[in-house]
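Laboratory data are not the source of any read-out in this text; all were calculated from the coordinates shown. These numbers come from a predicted model, not from an experiment. As a convention, Cβ positions derive from the backbone with ideal geometry for all residues, glycine included, and neighbour counts pool all protein chains shown.
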Ligand SMILES: NC(=O)c1ccc[n+]([C@@H]2O[C@H](COP(=O)([O-])OP(=O)(O)OC[C@H]3O[C@@H](n4cnc5c(N)ncnc54)[C@H](O)[C@@H]3O)[C@@H](O)[C@H]2O)c1
């Protein structure tokens, strides 16, 4: 524990290092979130050290090779050569760092309980080399209370006090991989600290590299902000999916309904149906909230219901394919089905939680022969299925049915219509095309 004058000097010293950009920045977890953040701070003039547990990623980065689509290798190579960025697996560098952002995964266990093991492991490693004057910011999406229930006691047990000896914040990550307009630097950054001094330090830090910082009262508010944002999306997508199921039963084009409703200039925001939820956030994060609220006796009914409807969508798509084939005198058993797009969303290479994976496994179970195209995913391996991407037009010509699961911009939809016999379109990628061959969600 430090004396009052030492506390002031710790605070002022860190502020000075941050504003003069001499603070040594550390980013723990160099994935979709951590790597763009690391390069953003390096480009802003800081010396950045990335820490990751995967040797292959660390070695690649130190050779100037990026494994994240939104971060060009040329940028990493330049930052490495200018000695403004380096990566390591060795946590002892924490001793030399002034700030640490933790961007490790937070998956769900099979039981839909949060898996905190990555955060716990990173925090334990940091604790081994902890020192006064550190600013630690947790960025991994998690349940409200993680920062003050899990991180704070670990660091305070070492004899240091938050807001005086060190500074602790939570700041939700909002990265949207593949988004050409909003990247790390121009997406507003929410930050909340354990104390007011912590929040101010977090704000000062982010404002050196990012355009807009939004301070909130504490870490729990900041944690809840992320969960509100993603739960909002998940529930509204669930509503759009339920609309799709209802419209299907009534022979109404749901896409036309949503587009027309979206002309209302106030009080409506369009969400679209699809083959199911994908990615690391929307299918997962709301369950962090429902898990935590259950401990207070509150059931998150909207979340559970939307989770059920969204989880039904891959099954609904398979039924659509089955019906479409039946109408052409075929059955799924033995039919050649070509999947157009397997990434969880347009123009990215991320397969995590992609509904295409569920659809492929369901189709395989029903005896279909499968192939796929995806300019971003050259190979696919899951539960005994091992496939390599094929060119779209050729494969479409040889297939009984093409299923558009991911509407990549690189696909030539005119050519697809010419070559395919039957198309099940789960994304409205064939909007504006009129053909008997197209079956829409
Ligand atoms: N990907 C997104 O679009 C996105 C958006 C917003 C928030 N998030 C959240 O950000 C967090 C990170 O997500 P991501 O997509 O970057 O994950 P990722 O899997 O792409 O990257 C995580 C990195 O952390 C490393 N790692 C794992 N354990 C570690 C440890 N103990 N110490 C150091 N490194 C470790 C992994 O090797 C990996 O490189 C998650 O909580 C996620 O929910 C992700």
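Cα atoms only: what Rg and Dmax, in Å, come out for the chain?
Answer for the chain, Rg first and Dmax second: 24.2, 83 Å.
Whole-Å semi-axes of segment 127-167's equivalent ellipsoid, largest first, each the root of 5 times a Cα gyration tensor eigenvalue?
Each semi-axis is √(5λ); the values are 18, 10, 9 Å.
State the Cα centre-to-centre distance between segment 344-410 and segment 203-239 in whole Å.
A separation of 33 Å, based on Cα centres.
Binning at 10 Å from 0, report for segment 1-136 what percent of all alpha-carbon pair distances ends up in each bin.
Histogramming segment 1-136 at 10 Å steps yields 12, 39, 32, 14, 3 percent.
Please report Rg over Rh for segment 320-367, where both radii come from the alpha carbon positions and Rh follows the Kirkwood definition.
Checking Rg against Rh, the ratio lands at 1.05.
For segment 147-276, just run the numbers: alpha carbon Rg, then divide by 2.2 N^0.38 Å, N being how many residues it has.
Cα-based Rg divided by the globular estimate yields 1.46.
Just to check, using Stokes-Einstein with a Kirkwood Rh over alpha carbon pairs, what's the diffusion coefficient of segment 340-408 at 4 °C and 1.567 mPa s in µm²/s?
Roughly 107 µm²/s, to the nearest whole number.
If every alpha-carbon in segment 72-199 counts as one equal scatterer, what log10 I(q)/I(0) does Debye give at q = 0.09, 0.18, 0.19 1/Å?
With no solvent term, the Cα-only Debye profile gives -0.30, -1.13, -1.22.
Hey, can you rank 147-158, 203-214 by average C-beta count inside 10 Å, highest first?
203-214, 147-158
What does the helix-only formula give at 222 nm for the chain: each DSSP H stretch with n ≥ 4 adding -39500 (n - 2.57), the total divided by the residues, and the result rounded to the nearest 500 deg cm²/dmol?
-12500 deg cm²/dmol, from helical runs alone.
Per 5 Å bin from zero, what fraction in whole % of the C-alpha pairs of segment 98-165 is there, up to the bin with the longest pair?
Spelled out bin by bin, segment 98-165 gives 3, 16, 29, 25, 14, 7, 3, 1 percent.
Note the angle between two axes, namely the Cα long axis of helix 117-128 and the longest principal axis of the Cα atoms of the chain, as a number of degrees from 0 to 90, rounded to the nearest 10.
20
Going by Cα centres, segment 147-195 and segment 419-441 are how many Å apart?
The distance from the Cα centre of segment 147-195 to that of segment 419-441 comes to 45 Å.
Report relative contact order for segment 13-77 in percent, whole number only (criteria: Cα-Cα under 8 Å, sequence separation at least 6).
Averaging sequence separation for qualifying contacts and normalising by length gives 27 percent for segment 13-77.
Neighbour counts of other C-beta atoms within 10 Å: give me 57, 381 arranged from fewest to most.
Ranking 57, 381 by Cβ neighbours within 10 Å, fewest first, gives 381, 57.
By counting other Cβ atoms within 10 Å of each Cβ, how are 160, 344 ranked from fewest to most?
Ordered from fewest to most neighbouring Cβ atoms within 10 Å, 160, 344 come out as 160, 344.
Once you have the Kirkwood Rh of segment 4-82 from its Cα pairs, apply Stokes-Einstein at 25 °C and 0.890 mPa s and quote D in µm²/s.
182
May I have the convex hull volume per residue, in Å³, for the Cα set of segment 61-138?
Convex hull volume per residue, Cα atoms: 123 Å³.
Could you tell me how far the Cα centroid of segment 120-140 sits from the Cα centroid of segment 11-80, in Å?
17
Which number do you get for Rg(Cα) / (2.2 N^0.38 Å) in segment 297-441?
Compared with the compact-globule rule of thumb, segment 297-441 sits at 1.05.
Equivalent ellipsoid semi-axes for segment 137-217, as square roots of 5 times the alpha carbon gyration tensor eigenvalues: give them largest first, rounded to whole Å.
The equivalent ellipsoid of segment 137-217 has semi-axes of 25, 14, 9 Å.
Using Cα pairs under 8 angstrom and six or more residues apart, how large is the relative contact order of the chain, in percent?
Computed value for the chain: 11 percent relative contact order.
In angstroms, what radius of gyration and Dmax does segment 204-351 have, counting Cα atoms only?
19.4, 66
Name the shape class, rounded, prolate or oblate, that the alpha-carbon gyration tensor gives for segment 206-267, where a ≥ b ≥ c are the square roots of its eigenvalues, rounded holds for a/c under 1.5, and otherwise prolate holds if a/b is larger than b/c and oblate otherwise.
Since a/c reaches 1.5 and a/b is larger than b/c, the shape of segment 206-267 is classed as prolate.
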